[in-house]
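Each remark here refers to the structure printed beneath this line.
Read-outs throughout are calculated quantities, based only on the coordinates presented, and are distinct from any laboratory measurement. Quantities reported herein were computed from a predicted structural model and do not represent experimental measurements. Every residue, glycine as well, gets a Cβ built from its backbone with ideal geometry; the counts of neighbours run over all protein chains shown.
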Amino acid sequence: MAIDSQTTTTATTTTATTTTAATKATTGGLGAAAPAGERLTGRAKLVLFVLCAAQFMVALDFSVLNVALPVLGKDLGLSRSALQWAVTAFALPSGGFLLLFGRIADLYGRKKLFLLGLALFGAASLLATLAWDPASFLAGRALQGLGAAVIVPTGMSLLTTTFPEGPLRDKALGISGTLLSLGFTIGMVLGGVMTDTLGWRSTMGLLAVTAVIVLALAPGLLPESRTPDRPRLDVPGAVTVTGGLLALIYSLSTAAQRGFGGVDVWGTLLAGLALLTAFAVVESKTPAPLVSLPMLKRRTIAWGNIAGLVTFSMMSTVVFVLTLYLQETLGLSSFQTGLVFGVQGIASAFAGSYAPKVIGRFGARRTLTGSLLGQGLFTAALLTVGAESGALVATVAVSLASMFHLGAIISYGLTVTSGVPDAEQGLATGLVTTTQQVGLTIGIPLLGVLATTQASLFGGVRTVLVVDAAIVVAAAVLVGLGLGGGRTHKA
């Protein structure tokens, strides 16, 4: 079974705070029409629908193709070892270019870039649908990833500049996080149904149609938003961070499939680390950096991103090893396994709708710490499953872990970007989504290998769950101490 770190029931959500005046100035008045504490207006609901539909589409793309890979490989002539590139071709640009496009959107207009990303994603999905050989299909997947790298940070920036900090933004982010989570889950189930009934090409065609619908609605609804002044783009920083992220994601994605023994894996890993080191040096010297290093030193940003990295990487690992357990140990079919994750998705949807209320009562920082702790404890609860039975226990435990996981996602986005100036909106969302992408990428190669290399798969799964739960609980303690117990969103 082709499983990748992208097929998780996770979803990212990011925020950046501004004053009411700044919101009015940068959103064309929508923020002023719906101040904090009031209900969403009809127009605000339509704007939220468009932005969430775009994010849902990207989340769907992460998972809808996975169950179709064996059939796709036979149809296009992709070998089993080459099938990983159907996922890696998407993951490379979608993670590598997030920071760059987030900053470009800050400078030249978030709405313009968002529409460009939608058009590129739709055209790429059409190319993948009509692919006639492996090269054309992989080109379509790579262009989809590039489009996603534009849509994710610009869409989140538009959301956070449109909805002012407070109850409205919390509500919007809760809805966005819920739909993103459902996108991952629905993709896993829908991909199997569509492949069996309409063929694998229908999964890519669905994405093309969705992109066209969103692109038709977006221009008349979304306000333009950009940084008032336009500093020069930090080209050296853009080159080093994009190259570093591309190399890092490639090496870890490849390691997830072939292990760490290849020269290309270690070579690209070292190259990625060297480029990211060079990026840090460049940013410390340039007058208009792509990433503000002083901003990265803020405890909310530093500890919040650590929390995000842990929650994404460890939950993706749980989904990976649980899929192996359900299918290879208990003998469940792909459809039955999909139902387990369907229940998980419903639980996540419930958590996404309720999380803003919890954050409003306890604050984002306390919610983040408590959510990490809950994710870790219910991951540990998975250790009670047996070698011959345990599907029900696994369903309940992973669903509860996912509820806390989604709470961590929403509160993590609020914590990290709280108090960030509106001029750095795209940068803030780019940082959060980059953390998500790296987290989704590193979990399986770092821990999943413990499950697949041991003599007993069941024993290997248990080992992974022990390590996974310990890391999350330890992170909860450290993040709680690092952030303190503040109730507000501000640093």
Discussion item. What distance in nm separates the two pseudo spin-label positions at Ala288 and Ser389, each 7 Å out from Cα along the beta-carbon direction?
Written reply: 6.7 nm
Worksheet item: What list of ³J(HN,Hα) values in whole Hz, one per residue of the stretch 304-317 in order, does the Karplus curve 6.51 cos²θ - 1.76 cosθ + 1.60 (θ = phi - 60°) give from phi, with Gly and Pro shown as x?
Response: x, 5, 4, 4, x, 4, 5, 5, 5, 5, 6, 6, 4, 5
Item to complete: Can you run the Rg to Rh ratio on the stretch 322-412? Use alpha carbon positions and the Kirkwood inverse-distance Rh.
Response: 1.05
Discussion item. Using the Karplus curve 6.51 cos²θ - 1.76 cosθ + 1.60 with θ = phi - 60°, what ³J(HN,Hα) values do you get for each residue of the stretch 195-205, in whole Hz, with x for Gly and Pro?
Written reply: 5, 5, 9, 10, x, 5, 5, 5, 5, 6, x
Item to complete: Rank-order 95-103, 359-367 by packing density, defined as the average count of other C-beta atoms within 10 Å over each peptide's residues, highest first.
Response: 95-103, 359-367
Worksheet, complete the sentence: Residue span Asp196 to Leu233: 0.36 nm per residue of separation minus Cα-Cα distance leaves a gain in nm of 8.6 nm
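Please work out whether the stretch 270-323 counts as rounded, prolate or oblate from its C-alpha gyration tensor, where a ≥ b ≥ c are the square roots of the eigenvalues and a/c under 1.5 means rounded, while otherwise a/b larger than b/c means prolate and anything else oblate?
oblate
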Discussion item. Could you sort the peptides 143-155, 240-252 by per-residue average Cβ neighbour count (10 Å cutoff), highest mean leading?
Written reply: 143-155, 240-252
Worksheet item: From the square roots a ≥ b ≥ c of the eigenvalues of the alpha-carbon gyration tensor of the stretch 86-157, which class results: rounded (a/c under 1.5), prolate (a/b over b/c), or oblate?
Response: prolate
Fill in: the stretch 302-347 - convex hull of the alpha-carbon atoms, volume per residue in Å³
64 Å³
Worksheet item: Once phi is turned into θ = phi - 60°, what whole-Hz ³J(HN,Hα) does the Karplus curve with 6.51, -1.76 and 1.60 give for every residue of the stretch 349-359, x standing for Gly and Pro?
Response: 4, 4, 5, x, 6, 9, 4, x, 5, 5, 5
Discussion item. If each residue of separation counts as 0.36 nm, what is the full-extension length gain between Leu339 and Asp133 once their alpha-carbon separation is subtracted?
Written reply: 70.9 nm
